[in-house]
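Visitor: Pasting a structure below so you can have a look.
The values are calculated or read from the model by the stated rules, or taken from the named source; none is laboratory data. Bear in mind the structure is a predicted one, so any value in this text is a computation, not a measurement. Cβ: placed from backbone, ideal geometry, glycine included. Neighbour counts: every protein chain shown. Protein only, heavy atoms only, side chains kept; ligands, DNA and RNA dropped before computing areas. Shrake-Rupley method; radii C 1.70, N 1.55, O 1.52, S 1.80 Å.
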Amino acid sequence: MKPIIFITSTTSNSHCKNRIEQFIQQGYKVHVYSFRRDKETTPENLPYKIQVLGDIVSSNYLKRLTIYFRGIKKMVSLYKKEKNILYYSFGLDLAMFLRLFVQKQQYLYEEADLVQTYHSNKIVTKLLNCIDRKIISDSLHTILTSEGYLQYHFPNGAYPKNVTIVPNKLNPAILNYSAKKSKTDMTHLRFAFVGGARFDSIDHFVEVFLANFPQHEFHFYGPVEPRMNRFAEKYENVFYHGRFKNPDDLANIYANIDILLCAYDYRYANVRYAEPNKLYEAIYFEKPIIVSKSTFLSEKVSKLNIGYMIDPFDDNAIKQFVNGLSTESIEEKIGACMNIPKKTCIMDENICINLMK
């Protein structure tokens, strides 16, 4: 069996790791190539070896693209004499260079972020969108992690047949950990953000929350960015717990919070169309989730009745939301989470088999 050649832009991305492991578990041989970010720590005990194509030590976007170009060209040259090689590219930045060196239908493409939508130049974004759709159409098959991404790329509803929607659900290893029950104290609620807090919308919500509700707490679980230290300097009801191990620590984390904040910055198109992994964590561990209004995610949360939709940049909306919370409302959201079968939150391990067939 010929190996599948995986290309990732970072050595520590858990989503890429889970996907590669799915193929390994189904008996496929893999070769994994990656670029390494500055100060990045590669996970230990991986079931595969990572071969580094280059180090990304600068925030300069054009320099990064040059490193991608050189690294991917070098990688493809290693297999130029072999037949029936299949590549698997994560993300547009890598795929558009891979496509320069390989044939149509010689690669699988997975898009878990619309990276082009963060570009400040609208003309560049439109150009990258055209390239993205071309990469999708030329692929042997494409995986999108949100149905919203399909709507973004093909708003007229003319969806290509070589696309599969595979939401970024939870690793099956999470089944070793069950949701733990905890009592909600309405006079002392525990809000939390779990993961890397990189959006201004999170900062704004937290600032308003801490300033106006000293009787409640806000907890950060995940890496602490330097800018976040200002909260601790001003408020006593904020707590930082640092990095955690996924999925080992999740059950205890969610047992110690009442409401999960997932109100990402809707000013970015990627946020408006994404379906974050936190949706499934909230359901699995039976915690109400706060999301940004007018997003694909808010439509799902509203339909499932498992959380709240707000404008995280509106001070009055935040204050009215927290003041309006009730035991009945929170219990209703928890009950809706409990009624959703846990298996619907877990990645389908047969996806890779069906895809390769």
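Visitor: Which pairs, out of Lys49/Lys126; Lys161/Lys287; Lys74/Lys343; Lys287/Lys319; Lys161/Lys343, put more than 31 Å between their alpha-carbon atoms? Working shown, then result.
Guide: Details: Lys49/Lys126 36 Å; Lys161/Lys287 36 Å; Lys74/Lys343 42 Å; Lys287/Lys319 20 Å; Lys161/Lys343 27 Å.
Long pairs (Cα-Cα over 31 Å): Lys49/Lys126; Lys161/Lys287; Lys74/Lys343.
Visitor: Here's something else I'd like to know. Quick one: which of Lys169/Lys278; Lys293/Lys333; Lys17/Lys63 span more than 20 angstrom between C-alpha atoms?
Guide: From the list (Lys169/Lys278; Lys293/Lys333; Lys17/Lys63), the Cα-Cα distance tops 20 Å for Lys17/Lys63.
Visitor: Additional query: Compute the separation of the alpha-carbon centres of segment 128-178 and segment 253-324 and state it in Å as a whole number.
Guide: Each part's Cα centre sits 22 Å from the other's.
Visitor: Karplus couplings for segment 164-179 from phi (6.51 cos²θ - 1.76 cosθ + 1.60, θ = phi - 60°), rounded to Hz, Gly and Pro as x?
Guide: After applying 6.51 cos²θ - 1.76 cosθ + 1.60, I find 10, 8, 10, x, 7, 7, 7, 4, x, 4, 5, 5, 6, 10, 9, 5 Hz.
Visitor: Tell me the mean residue ellipticity at 222 nm calculated for the chain from its helices only (DSSP H runs of n ≥ 4, each -39500 (n - 2.57), averaged over every residue, nearest 500). If you can, show how the numbers build up before the last one.
Guide: Values: 14 runs with 137 residues, N = 357.
It lands at -11000 deg cm²/dmol.
Visitor: Turning to a different aspect of this structure: P(r) tail for the chain, what percent of Cα pairs lie past 38 Å?
Guide: Working: 12557 of 63546 pairs.
For the chain, the fraction of Cα-Cα distances above 38 Å is 20 percent.
Visitor: A further question follows. Once you treat every alpha carbon in segment 141-255 as an equal point and sum by Debye, what is log10 I(q)/I(0) at q = 0.18 Å⁻¹?
Guide: -0.99
Visitor: Which value results for Rg/Rh of segment 1-126 when Rg is the Cα radius of gyration and Rh the Kirkwood radius based on the inverse mean 1/r?
Guide: Numbers: Rg = 14.6 Å, Rh = 15.3 Å.
So for segment 1-126, dividing Rg by the Kirkwood Rh gives 0.95.
Visitor: Got a sec? What order do His119, His141 fall in by accessible area at 1.4 Å, biggest, i.e. largest, first?
Guide: Values: His119 65, His141 35 Å².
Ranked from most to least accessible, the order is His119, His141.
Visitor: Continuing with the same structure: Using only the alpha-carbon atoms, how far is helix 200-212 inclined from the longest principal axis of the chain? Give it as 0 to 90 degrees, nearest 10.
Guide: With rounding to tens, the tilt is 10 degrees.
Visitor: Same structure, new question: Share of Cα-Cα pairs in segment 218-357 beyond 17 Å, in percent?
Guide: Numbers: 6547 of 9730 pairs.
Tail fraction, whole percent: 67.
Visitor: With every protein chain kept in the model, how would you rank Ile353, Ile306 by accessible area, 1.4 Å probe, largest at the top?
Guide: Values: Ile353 50, Ile306 0 Å².
Descending accessible area places them as Ile353, Ile306.
Visitor: Also, quick follow-up: How much of the accessible area of segment 216-357, probe 1.4 Å, is carbon plus sulfur, in whole percent?
Guide: On the way: 2980 of 6520 Å².
Its accessible area is 46 percent carbon and sulfur atoms.
Visitor: Please give the peptides 11-22, 338-349 ranked by average Cβ packing (other Cβ atoms within 10 Å per residue), highest first, as a rough proxy for protection.
Guide: Values: 11-22: 18.7, 338-349: 14.3.
My ranking of the peptides, most packed first, is 11-22, 338-349.
Visitor: Right, something else. From Cα coordinates alone, what are the radius of gyration and Dmax values for segment 55-106 in angstrom?
Guide: Rg then Dmax for segment 55-106, in Å: 11.9, 37.
Visitor: Going Cα to Cα from Lys342, which aspartates and glutamates come in below 12 Å? Please leave out same-chain ones fewer than 8 positions away.
Guide: Partners found: Glu281, Glu286.
Visitor: Relative contact order, percent, of the chain when contacts are C-alpha pairs under 8 Å separated by at least 6 residues?
Guide: Working: 598 pairs, mean separation 47.1, N = 357.
Over the chain, the number comes to 13 percent.
Visitor: So, for the chain, what is the accessible surface per residue at a probe of 1.4 Å, expressed in square angstrom?
Guide: Working: 17500 Å² over 357 residues.
Ligands and nucleic acids excluded, the figure is 49 Å² per residue.
Visitor: State, in angstrom, two size descriptors of segment 239-283 derived from its alpha carbons: Rg to one decimal place and Dmax to the nearest whole number.
Guide: 12.6, 33
Visitor: Working from the alpha-carbon coordinates of segment 313-357, get Rg over Rh, Rh being the Kirkwood radius.
Guide: Working: Rg = 18.8 Å, Rh = 14.1 Å.
Ratio of gyration radius to Kirkwood radius for segment 313-357: 1.33.
Visitor: Give me the dipole magnitude in Debye, nearest 20, for segment 104-172 about the Cα centre, with unit charges on the beta carbon: positive for Lys and Arg, negative for Asp and Glu.
Guide: Numbers: 7 positive and 6 negative charges, 41 e Å.
The calculated dipole for segment 104-172 is roughly 200 debye.
Visitor: Once the Cβ-Cβ distance between Ser58 and Asn121 is put in as r, and R0 is 30 Å, what FRET efficiency do you end up with, to the nearest 0.05? Before the final figure, lay out the partial values.
Guide: Numbers: r = 19 Å, r/R0 = 0.65.
Step by step, r from the Cβ atoms, then E = 0.95.
Visitor: Report the charge-dipole magnitude of the chain in Debye, nearest 20, computed about the Cα centre from +1 at each Lys and Arg Cβ and -1 at each Asp and Glu Cβ. Each step should come with its number before you reach the end.
Guide: Details: 46 positive and 37 negative charges, 375 e Å.
Rounded to the nearest 20 debye, it is 1800 debye.
Visitor: For segment 104-188, what log10 I(q)/I(0) values come out of the Debye formula at q = 0.15, 0.16, 0.17, 0.19 1/Å, with one point per alpha carbon and no solvent?
Guide: Computed log10 I(q)/I(0) values: -0.67, -0.71, -0.76, -0.88.
Visitor: Which ³J(HN,Hα) values, rounded to whole Hz and listed in residue order, are derived for segment 122-130 from phi using the Karplus coefficients 6.51, -1.76 and 1.60 in 6.51 cos²θ - 1.76 cosθ + 1.60 with θ = phi - 60°, glycine and proline given as x?
Guide: For segment 122-130, the Karplus curve yields 5, 5, 4, 4, 4, 4, 5, 4, 5 Hz.
Visitor: Using alpha-carbon pairs under 8 Å, 6+ residues apart, how would you state the relative contact order of segment 47-136 in percent?
Guide: Numbers: 70 pairs, mean separation 20.6, N = 90.
This gives 23 percent for segment 47-136.
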